[in-house]
Each structure stands twice: as C-alpha cells, then as structure tokens.
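Data block below; observations after.
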Amino acid sequence: MEKKIEWFKTAHVYQIYPLSFKDSNHDGIGDINGIISKLDYMKDLGIDVIWLSPVYQSPMHDNGYDISDYLKINPMFGTLEDMKNLLNQTHQKQMKLIMDLVINHTSDEHEWFKKSVAGDPKYKDYYIWRKEKTDVDSIFGGSAWTYHKQAKAYYFHLFAESQPDLNWDNQAMRKEIYDMINTWLDMGIDGFRLDVIDLIGKDIEKKIFSDGPYLEKYLEEMYHNCFEYRDIMTVGETPGLSIERSATLTADPKMGLDMVFQFSHIGLDEIPGQGKWALKKLDLLELKETFNRVQYTFYQKGWNALFLANHDQPRALTRYGSLKYPKRSAKMLMTFIYGMQGTPFVYQGEEIGMTGIKFKDIDSYKDIETKQIYDILKNQGKSIDDIMTSIDAKGRDNSRTPFQWDDSEYAGFSDVKPWIDVNPNYKYINAEQSINDKSSVYTYTKTLLTLRKRYDVFTYGDFEIYQYENTKHFSYYRTYKNTKLLIICSFTEEAIPFDLPHKHYEILLSNDENYKFKKNKMLPPYFSCILKIGD
Ligand code: TEU
Ligand code: CA
C-alpha cells in the first residue's frame, strides 16, 4: 500500500511523558488511565497524533528507556487492556497513537541479556561483548564498557550501565526485534518514535557511533520487515546525524523514516566540544545560521520534525525565552518554531507555558544522567555551585516535573505527593486558567495550530530570513504559490527598531494585540507576529 497522502506532514504531534502527565490511581505516578482522561484536552488543542514515551516493562533506571520486556506494559502505568483502551479511545476521537521504540539497547534485566550473560548460544551475541575494553565514554558519563563478573567480559553501553547495547550485527536479534514491532503494529499502533536510531549503525572497532556506516542497511531491512505495507508514521531520533544525511534518509521511502528529529540547534548553548554541561550564551546569529541550513536542506528533500523541547531538553521558555516576560516569550517561541516547515511536536506543558525547575539541592533531582554527572564533576573537583548551575540549566528533570492541570495541591496531577516535586509556579501557570484565558499561551498555541491547517504555506512554503545580520530578532518569510508570510520574532528584552518593508498586510496572529506597525515605532520585548503580505 502506497501512502497516498502524506498525512504526517500536516499532523500536529503531542508528546506525553507518562510518568508526569496525569495520575489516576493515587500513587503519585502518571499512568495510562490518566492519559485517557485527558484525550479531549489534546483534541481541543488541535492535536492529531500522540507520541507516548515508553510504557513497557522496565526497572525504570532511565524512566522506561531501559526496557526489560517489549511486549508487556509496566504495571506502574497500567495493563495491556488499558493500553488497548487508550488506543481505541484515541482512534474514536480521530487521533493517532505512536509509541516509543527503544531498540539500540535494552535493560540489563531483559531476558535476552540474562541469557547472553549466561552464555546461551542463541543469545550470546545479542549484545556486544569484548575481552578488552577500549577508551570510549558513555553519553551519560563514565566508560561505555562495563566488566561483567559472571560473563568474564566487558559489555558495551552507550548510555547507563543498566542499558546494554544490542548487537545489530546479529541477524537473529534483528529478527526478534522486527517480530516485536509487528506485534504492536498488528495491534493497531499508528507508528513509532525511534529512540537514538542513528546509533544502530555504529562501528565499534572504528569507534564511529552516532553517524555510523550500517544505518541505512538496518533501516532498509526493518522497513521491508515491518513498515512497508502499512500506513503509519515514524519519526527517528537522530541526535548524531548531519543535516544532509538526515534529509537524504527521510527522502528515501525505503529507509522507513518519515521524518527525524534533527539536533543541530540543540548544542548551540554549549561550549563546542565540551558537552552539554559546559554552558554558553546562545548567539542568535548561530541560531539563524543553523535553522537556515536545516530549513533549506529539508526544503530540497526529506522531511523534518519541529521541536525546541522534549523530555531530555530543558523547557524552551526558560532556555531561550525570558522569565521576566514568560507569556510573551513562550508565545514568541511557539511562533518561531511552528512557523517553519516540518511537523510540529508539542511537548506536554509547553502549550501552557510551563517553565524549568530549580530544585534546592541534588537530592530533589531524579534523573540518572543528572545523578551520574553530579558525581563525576564532583570527583573532578568542580565546585558544587558550578555543578548545580549546569544542572539547573540543562538537567532533564526540568521538563519532567508533573503537568500543571490546576491550582489545587500537587497541581491536579495527583492527590498524593508525586514521584518528583511539582513546580511551585503551578498556582498561576496551569491548564485550567490557561484554557479560560483568551490571552494565554494555550489559546495562542491553539490559534497557531489552526492557522497551520488553514494555510498550505506553512507546510510547503520556502524559507528566507529577513535581515539576516540583525542580532535581536529572527524573522523570516515563508512563500508558497501566491501566499507570502512574514514571521517576526524578537529574541530580546529590549525594545528594538524594526522596519516593516510592506504597506499591505494582514495580521494573522500577534502576541501583542495593541502593537501597530508604524514607521520608527520600536518592537516590544519578545514580540512575535505572523503577517500575510499583500504587496
Ligand atoms: O535520548 C538520546 C539522546 O542522545 C539525548 O537526547 C540524551 O538523552 C541527552 O542528550 C542526554 O544528555 C534518548 C531518550 O530520549 C532519552 O530519554 C534516553 O535516556 C536515551 O535515549 C537512552 O535511551
Ligand atoms: Ca498512577
């Protein structure tokens, strides 16, 4: 079956981090029934597809990205029945549901790993074992090789020790993965977000991990075994792929990836080469250069996913906007990212302007990566103050605090103390007040998503930056057939001069209703708008 209409290009996706979305059974942990109770909320926002972060059986060392059984649902989230119910009800509301597919690694509690350790001939090579270790760091810090006493060998893990990498060289292992994928698809799941999928192409001997040589080979095999005859949606998480290779991959149907999360903008607030914890101020010209390249390349071929935040990234508002102008800058960032070409991904809470967290000390943070890096940096002699500055800015828990539904205790997420503390600003940042407020981030986001459906130019238009050299605003044209939009986004707390080079225009959306374009009038802080140009 050919995909007649590429529906994924106009779909709006909402990412749910199940642990932190909505608790239905009073244990302080989000769950599947909680999600079911909020389907209308997503539908009302204008969502077409829901992406669920992992709900499979897992010891939860990495919050579910360490799977111990791909075909079971983690009891903390519910049952397989609940999952089928969620799928059913999502479909009834004309939405789709995609799951997270974590197949670069499993949990060390997966049966396959236990059998591999025990030397079972079938499973021995399902993982990557060596007698000697090489000098490779894992992504969470520390060596990527861990010695296993029972196996008397080192196994390879690009993430935590408890997340051994699967050996994609092994055909039997690949076959089992394909069977598992087909089981979910046969159940009616509408597709997948493929976790760190670029890593399956790695070449261990050559120490090439994220941009490896075998990626296309395995993707194509997976496509023929799982995706080829199904009308589903796939999005690959590809942190290590170049813009060019990501575009080429998504342009080739045989690769089975409808789109990718391209990561080139993610490292712009890091000191180059020093990793995510070495902070650097964002340079707007670098941001322009990056998005210009991404937009240009994917306009020629392939398809991209639009995102500023997810469960691994700090909240966009805190990272790129201003807490002095939270609503304005949240709206500006929405305009900035969803004005571009690609499929919009909204991360839970972004649409109500949720912010990052600054916990009082390391004990309140829960993330395995954060805990590991804290110990590592401390052992390197870094001051606690400096470490906490990095963690407050970049720690993944920033986006993992409970969803703020209302202003009741625990923010309406749960009626008992949640697994991770609620951001105290839930009193005034929450969905209930946002939905009822015409000037809220929620209402703005909803309107923006509606506009994307109304005007083809968002999906198909080309992209051209206006006033490239300007270091305060990031504004761009989108043009398709007879429609031309100018999208204006100020990235500063200052009021700035701005020349509007058009006489005739219609304001489709603005984060400042009172602002009128007149000659020499300054653009207010974090101003954003979408103009439909008539001359
Ligand atoms: O993330 C992969 C990844 O490379 C990053 O986003 C990473 O989490 C971050 O840079 C660490 O600083 C995926 C999942 O989204 C993440 O939650 C998992 O921890 C990781 O894979 C392992 O499965
Ligand atoms: Ca629960």
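For this structure, a couple of remarks:
- At most 15 other Cβ within 10 Å, DSSP loop - trypsin sites (Lys or Arg not before Pro), segment 28-102: Lys93
- Stokes-Einstein translational diffusion, segment 269-392 - Kirkwood Rh over all Cα pairs, 1.306 mPa s, 10 °C, in µm²/s: 97
- By DSSP, the beta bridges lying fully in segment 113-270 are antiparallel in about 55 percent of cases.
- Annotation: Cα Rg of segment 399-521 relative to the compact-globule expectation 2.2 N^0.38 Å equals 1.39.
- Here the contact order of segment 461-533, divided by its residue count and restricted to Cα pairs under 8 Å and six or more residues apart, works out to 33 percent.
- Nearest-0.05 FRET efficiency for Lys124 and Asn292, computed from C-beta distance (R0 35 Å): 0.10
- Coarse-grained scattering of the chain at q = 0.06 Å⁻¹, given as base-10 log I(q)/I(0) from a Debye sum over alpha-carbon atoms: -0.28
- Descending Cα extents along the principal axes, segment 205-260, whole Å: 36, 22, 15
- On the principal axes of its alpha carbon atoms, segment 1-108 extends 41, 33, 21 Å, with the longest extent given first.
- Per DSSP, loop chymotrypsin sites (Phe, Trp or Tyr not before Pro) in segment 221-320 with at most 16 further Cβ within 10 Å: Tyr229
- With the convex hull drawn over the C-alpha atoms of segment 461-533, the volume per residue is 85 Å³.
- Normalised size of segment 111-156, defined as Cα radius of gyration per 2.2 N^0.38 Å with N residues, equals 1.16.
- Once both labels are positioned 7 Å from their Cα atoms along Cα-to-Cβ, the gap between Tyr515 and Thr79 label points is 5.4 nm.
- Put simply, the convex hull of the Cα atoms in segment 415-480 casts, on average, a shadow of 8.0 nm².
- Between Ile384 and Asn482, the FRET efficiency from the beta-carbon distance, with R0 = 51 Å, is close to 0.30.
- Added length on full extension, which subtracts the Cα-Cα distance from 0.36 nm per residue, Lys217 to Val416: 66.8 nm
- DSSP loop GluC sites (Glu not before Pro) with at most 16 other Cβ within 10 Å excluded, longest remaining stretch of the chain: 229-468
- Take every Cα pair under 8 Å whose residues are at least 6 apart in sequence, average their separation, divide by the length of segment 359-496, and the relative contact order is 12 percent.
- Translational diffusion of segment 139-292, µm² s⁻¹ [Kirkwood Rh, Cα pairs; Stokes-Einstein; 10 °C; 1.306 mPa s]: 91
- Using C-alpha pairs below 8 Å separated by at least 6 residues, the relative contact order for the chain is 13 percent.
- On the basis of the beta-carbon distance and an R0 of 25 Å, Asp252 and Asp186 show a calculated FRET efficiency of 0.50.
- Summarising the strand pairing of the chain, around 60 percent of its internal DSSP beta bridges are antiparallel.
- A crude spin-label estimate for the pair Thr459 and Gln274, with each label 7 Å from Cα along the Cβ direction, gives 4.5 nm.
- Each residue, Glu432 and Gln372, gets one label point 7 Å from its Cα in the Cβ direction; the gap between the two is 4.0 nm.
FYI, it's all coordinate maths here, none of it is from the lab. Everything numeric in this text was worked out from a predicted model, so none of it was measured. Positions of Cβ are generated from backbone atoms using ideal geometry, with glycine treated the same way; all protein chains shown enter the neighbour counts.
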